[in-house]
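Engineer: Quick one: the structure is below, and I'll ask about it shortly.
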Amino acid sequence: VQLQASGGGVVQAGGSLRLSCAASGGTLNNYGTIAWFRQAPGKEREFVAAIRSGSSYYSDSVKGRFTISRDNGRKTVYLQMNSLKPEDTAVYSCAASNIIVSGLFTAANYPRWGQGTLVTVSS
C-alpha cells in the first residue's frame, strides 16, 4: 500500500484547506492508525492528528481548528484545517501504523509514509 497526500496550497490566515491521504495498491484497512504530521522549515517533524478505531487525537496547537476523518470505504483520510494561522505553514505528511494509542504521537512508530504536501499560510 502506498499513501498519497494532496490538497496543500497557499491560503490567507483565517482560511481553510482540506488535505487528503489516499491509499493506492490496496486500502487503509490494514492499518488501525492513520496520522498527519507536519514539518516546518528549520523545525522537527511534529504530530498533528491521528484517527484510530473511530477516535481522533490532536496536538494542542491544532485542537479545535483541525478535524481528522476517515471515509466509509476506508480508502481516504482527510484533514480539514480551519482558522489557519501562519504558524501552520509546513509540509504535511500522512502516515499509517498499527501502533496502539500510547505510541501514536511518535513519528518513529509509523512504518508507512506518503509524500508531503506543502501548506503555506500567509499573514
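Engineer: Out of (1) open to solvent by 40 Å² or more (accessible area, probe 1.4 Å); (2) within 22 Å of G26 (Cα to Cα); (3) in contact (Cβ under 8 Å) with a residue 12 or more places away in the chain, what's the single condition that is false for A95?
Structural biologist: All conditions are met except number (1).
Engineer: Out of (1) within 14 Å of the chain's Cα centre (by Cα); (2) at pLDDT below 95, what's the single condition that is false for A95?
Structural biologist: It is condition (2) that A95 fails.
To keep it simple, each residue is scored yes or no on (1) open to solvent by less than 60 Å² (accessible area, probe 1.4 Å); (2) β-branched (V, I, T); (3) touching a residue at least 60 places away in the same chain (Cβ under 8 Å).
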position	(1), (2), (3)
I51	yes, yes, no
G54	no, no, no
D60	no, no, no
P86	yes, no, yes
Q115	no, no, yes
T120	yes, yes, yes
S123	no, no, yes
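Engineer: Now a separate question. Read through the list (1) free of Cβ contacts under 8 Å to residues at least 60 places away in the same chain; (2) open to solvent by 60 Å² or more (accessible area, probe 1.4 Å); (3) out of contact with any Leu (no Cβ under 7 Å at 6 or more places or on another chain), then give the number of the only condition that S69 fails.
Structural biologist: (2)
Engineer: Are any residues in the range 24-41 surrounded by fewer than 16 Cβ atoms within 10 Å (Cβ to Cβ) and modelled with pLDDT of 95 or more, and if so, which ones?
Structural biologist: Residues satisfying the conditions are Q39, A40.
The values are calculated or read from the model by the stated rules, or taken from the named source; none is laboratory data. All values reported here derive from a predicted model rather than from experimental measurement. So basically every Cβ, Gly included, is an ideal-geometry build from the backbone, and we count neighbours across all protein chains shown. Ligands, DNA and RNA are excluded from the accessible area calculation, which covers all protein heavy atoms including side chains. Shrake-Rupley method; radii C 1.70, N 1.55, O 1.52, S 1.80 Å.
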